[in-house]
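Below is one structure; the comments refer to it alone.
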Amino acid sequence: MLDESKNPLLLDNNPYAFWTAHVDGKAKGRIISLVYKKSNARHGTNRAQFGFFDCANDPEIAGTLLNAAEIFARDQGCDELVGNFNLTAMQQAGVMTDGFGARAYTDMIANPRHIPELLTAHGYEAWFPMTTFEVDLDTAVPPRADFDDLTRRGYHFAPVDKSEFQQRFEDARIVLNDGFDENPMFVPLTPEEFQFQAGEMMSILDPRLSSILMHDDRPVGTVICIPDLNGFLTATRSRFRLMTPIHFLRYRLNRRRAVIIFYSVAKDHHGQGLMGAMLNRTIAALRQAKYEQLGITWIADENPASLRQMEKIGARPLQNLHLFRKSIPQ
């Protein structure tokens, strides 16, 4: 993520810096600050972003890290510092403010309770509330879907398997950029950015779970759903050791949790019942593959349509998140 030679976001001349805090030779905190130029230009903002913020429950350590990020923001001429973004709104975003006892899924933010408390104590305001969700698949209520009618209207699903991986993920990028175009803080992803973010999914892909919906030869809908990796990462402590291949085999044989990374429908195909049909298909595929729980990454509280969809399928709130912001006087 922080390799200038690999991350397209850093290759695109976006100023950034990062710091770690140490006490008695031990790392006790970290923070990154970035000026995302395309986001500022698209949304008329003049902000720097902070991300990957984590530290011990120590106001002095937190203050030192946040002060470094604020100085960076001021030196870049920005008037606001906003986060948590790892590293953009289309990746992991937010600070968990409730749901601390919940078991998070891959691509969800997880932080201890003291992180939002430390941000508030150092003058940061919580805003832009978000919620993640979880569904018990044995009690989920799939949306109604008439697949025969979809076929008559020229819709069909394209398989997402390893042989078609690159083309299907390019289709997913196109639909994501179209469907999310008017969302707050969204910046369309280039092919290079999307490949950098999504390319690692190849190694954990379960082709039964994701889908691309086509209308004739054009991609118009997508659900990207992957197995949850958190149990595997916990077992290995995120390190490669002698037992890691065995843990991976156990994980592949006993996958019971999955997570929807995102879903989207092209704007000119809204109101056609496509999202309900794709969620219906996803829930059916998860059940057939013996998955038991499904996580859904953050949905903004200002998105009532998606929140209603979660209520209809029987999803329950898992975490509450907020962005935090602070004005930076020049």
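Shape call for segment 1-57 from the C-alpha gyration tensor, a ≥ b ≥ c root eigenvalues: rounded (a/c under 1.5), prolate (a/b greater than b/c) or oblate? Cα axes put segment 1-57 in the oblate bin. If R0 equals 41 Å, the separation of the Cβ atoms of Glu182 and Asn67 corresponds to a calculated FRET efficiency of about 0.70.
Considering only alpha-carbon pairs that sit under 8 angstrom and 6 or more positions apart, the relative contact order computed for segment 8-104 is 24 percent. Can you find, among Ala300, Ile328, Phe248, the residue farthest towards the positive end of the dipole of segment 236-330? Put +1 on the C-beta of Lys and Arg, -1 on that of Asp and Glu. Among Ala300, Ile328, Phe248, the one farthest towards the positive end of the dipole of segment 236-330 is Phe248. Once you divide the Cα radius of gyration of segment 249-314 by 2.2 N^0.38 Å, the number left is 1.27. According to the Cα-based calculation, Rg over Rh for segment 113-247 is 1.04, with Rh computed by the Kirkwood formula.
Would you kindly state the longest site-free stretch of the chain, with sites defined as GluC sites (Glu not before Pro) in a DSSP loop (not H, G, I, E, B) surrounded by at most 15 other Cβ atoms within 10 Å? In the chain, the maximal stretch lacking such sites is 5-181.
Straight Cα distances below 18 angstrom link Lys38 to the aspartates and glutamates Glu4, Asp12, Asp79, Glu80, Asp178, Asp181, Glu182, Glu192, Glu193, with same-chain residues fewer than 8 positions distant left out. Model label sites at His43 and Ala305, defined 7 Å from Cα along the beta-carbon direction, differ in position by 1.9 nm.
Accessible area of Val82 (1.4 Å probe, protein heavy atoms only, ligands and nucleic acids ignored): about 0 Å².
What the Cα atoms of segment 183-245 give is an Rg and a Dmax of 16.0, 49 Å.
Each of Phe248 and Ser5 was given a label point 7 Å from its Cα along the Cα-to-Cβ line. The distance between the two points is 2.4 nm. Here the Debye sum runs over all C-alpha atoms of segment 48-149 as equal scatterers in vacuum, and log10 of I(q)/I(0) at q = 0.16 Å⁻¹ comes out as -0.77.
Between segment 68-92 and segment 33-52, what is the C-alpha centre distance in whole Å? Spelled out, the Cα-based centre of one part sits 6 Å from the other.
Taking 0.36 nm per residue of separation and subtracting the current Cα-Cα distance, fully stretching the chain between Arg144 and Glu192 would add 13.6 nm. Given a 1.4 Å probe and the protein chains as shown, Arg256 ends up with an accessible area of around 90 Å².
Spatial offset of segment 272-330 relative to segment 177-201 amounts to 18 Å, using the alpha carbon center of each. Shape of segment 35-97 from its Cα gyration tensor (a ≥ b ≥ c, root eigenvalues): rounded if a/c is under 1.5, otherwise prolate when a/b > b/c, or oblate? It is oblate, given that a/c is not under 1.5 and a/b is not larger than b/c. For the chain, the Cα-based Rg and Dmax, in that order, read 20.4, 69 Å.
Considering helices alone, the calculated mean residue ellipticity of the chain at 222 nm is -9500 deg cm²/dmol, with DSSP H runs of length four and up weighted by -39500 (n - 2.57) and normalised per residue.
The alpha carbon convex hull volume per residue for segment 198-330 rounds to 192 Å³. Distant-in-sequence amide contacts of Asp228, defined by a placed amide H-H separation under 5 Å and a gap of 5 or more residues or a different chain, comprise Arg257, Ala258, Val259.
The values are calculated or read from the model by the stated rules, or taken from the named source; none is laboratory data. Since we're looking at a predicted model, the values are computed, not measured. Using ideal geometry, Cβ is built from the backbone for each residue, glycine included, and neighbour counts are taken over all protein chains shown. Note: areas computed on protein heavy atoms with side chains; ligands, DNA, RNA excluded. Shrake-Rupley method; radii C 1.70, N 1.55, O 1.52, S 1.80 Å.
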